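Bear in mind these aren't lab numbers, they're just calculated from the coordinates by the rules spelled out. Because the structure is predicted, anything quoted here is derived from the model rather than measured. Neighbour counts run over all protein chains shown; Cβ positions are idealised from the backbone, glycine included.
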Amino acid sequence: MKKRPLAPSLFAFLLAVLAAPPALAATASVLFSRATYWPDDTLRTATIYRVRPTTGVVVPLTPQVDNIYYLGGSWSPNGTTIVFEKLKRATSDRSQLFTVDRSGGSVNRITSGVGLKQYATWGPGARIAYVAMIGDQSCLSTVRGDGTANRTLWCTSHDMDPPQWSADGKSLFVQVDWFGSGLEPPFYSRAYRVNANTGTRTLLTAQTLDEARYFTFSPDGTEGIYYDLTDSITPMMRVDFATDTMTSLGDGYRPRYSKDGTRIAFSREDLGSAPDYPLYSSLYVMNADGTGLTEVTHEHVDGVEYQAADWSDSGTRVLANRNGSLRIIDVATGTQTILPNGAAGQGSWYQP
């Protein structure tokens with residue numbers, strides 16, 4: 001089954017989280033993480049930091065402790081608090097969610113009980129959505145930022161991807177998947193809109209694929225994209241929920257919708273020309289319907305890889321990971337603002 005990997009790649013399992021002092025509550029900030037590894041390439045530490053793009057000053061928000069991992073963060077709507085997952089290697093079958101003020105300092109535990117609490121994402125209001133992994137069950141759940149009103153909306157025996165809130169906070173979009181049987185088992189995917197109050201589900205699409213894929217929803221929940229995490233071998237496939245039709249968007253991986261859903265940033269692996277034939281991954285953008293394809297970065301150097309993490313609210317810049325460092329890139333000019341080393345994820349960029 002497709003599970004969250006605990007692998008050497010920073011970006012594969014770490015989403016960034018960030019905070020800033022209360023006096024700077026209206027200041028744009030970027031969330032990011034850093035990891036260290038033991039000699040056998042297993043994870044040693046995962047630590048959360050913040051940075052203001054205008055200054056580049058890095059502030060640690062969590063301690064760096066061997067075999068304790070601070071993972072996957074999300075901003076509160078007003079940017080004053082973040083929620084994150086704390087996982088201990090010694091008890092890797094369970095984790096809890098905590099919140100911390102954007103100024104750092106003491107943390108507040110907001111979940112309890114057995115199982116893993118993954119993929120915490122703050123909605124437009126006071127509630128946080130997350131996936132509780134208990135035994136062979138994946139449960140879509142919500143909790144308020146103060147730890148009250150913790151409830152389960154829906155459980156399934158299949159793998160569940162990170163949930164996404166609707167703009168009005170009334171619904172959650174989530175995809176579940178599983179493998180069939182046989183020597184070459186099919187991969188089944190179901191995308192749902194879930195009522196955030198009642199747990200009532202509406203099926204948006206049901207697809208059977210030849211191989212495992214990840215999925216991302218458009219911000220308005222009217223479409224989505226199947227994609228791979230690390231290569232361009234399989235084309236990205238766009239699904240229109242109104243017609244339940246799939247359309248190829250061409251080669252690429254790790255797509256990210258702009259905040260208004262009109263554009264997509266993604267990576268594409270390319271092979272350069274003789275004599276060296278460098279292999280690299282550039283950052284591209286295109287319209288959500290696949291038109292207007294544009295290469296944003298032109299650093300055709302062997303081993304260089306750009307991966308989109310988040311968009312600016314204006315849709316003019318992309319926060320990207322580049323080989324362990326962070327960049328803010330103007331999609332029209334390709335101009336880059338270089339940020340500190342680390343890894344960022346979707347929702348990392350707080351913009352008041």
Rg to Rh ratio, region 220-352, alpha-carbon atoms and Kirkwood radius?
0.97
Relative contact order computed over the chain (Cα-Cα under 8 Å; 6+ residues apart), in percent:
12 percent
Please compute the modelled spin-label separation between R109 and T198, points set 7 Å along Cα→Cβ, answer in nm with one decimal.
3.6 nm
Over the chain, what is the percentage of antiparallel beta bridges among all DSSP beta bridges, to the nearest 5?
95 percent
Among Y227, Y277, Y130, which one moves the most in a GNM of the chain with springs linking Cα atoms closer than 10 Å?
Y277
Run through all the Cα pairs of region 226-275 and give the fraction in each 10 Å bin from 0, expressed as whole percent.
24, 46, 23, 6, 2
Given a 10 angstrom Cα cut-off, can you work out which residue in P163, P219, P63 is the most mobile in a GNM of the chain?
P63
Footprinting exposure proxy for I134, I233, I264 (fewest neighbouring C-beta atoms within 10 Å first):
I233, I134, I264
Between N287 and N78, the FRET efficiency computed from the C-beta separation at R0 = 30 Å comes out, to the nearest 0.05, as 0.40
For D146 and S314, what does the FRET efficiency come to when R0 = 30 Å and r is the distance between their Cβ atoms, rounded to the nearest 0.05?
0.40
Give me the one-decimal nm value for the distance between modelled label points at K259 and N341, 7 Å along each residue's Cα-to-Cβ direction.
3.1 nm
What is the distance in Å between the Cα centroid of region 110-161 and that of region 180-194?
22 Å
Taking the Cα centre of the chain as origin, work out the dipole magnitude from +1 charges on Lys and Arg Cβ and -1 charges on Asp and Glu Cβ, in debye rounded to 20.
1580 debye
Using a Förster radius of 22 Å, what is the FRET efficiency between S92 and W38 based on their Cβ-Cβ separation? Nearest 0.05, please.
0.95
Find the percent of Cα-Cα distances in the chain that exceed 24 Å, and round it to a whole number.
56 percent
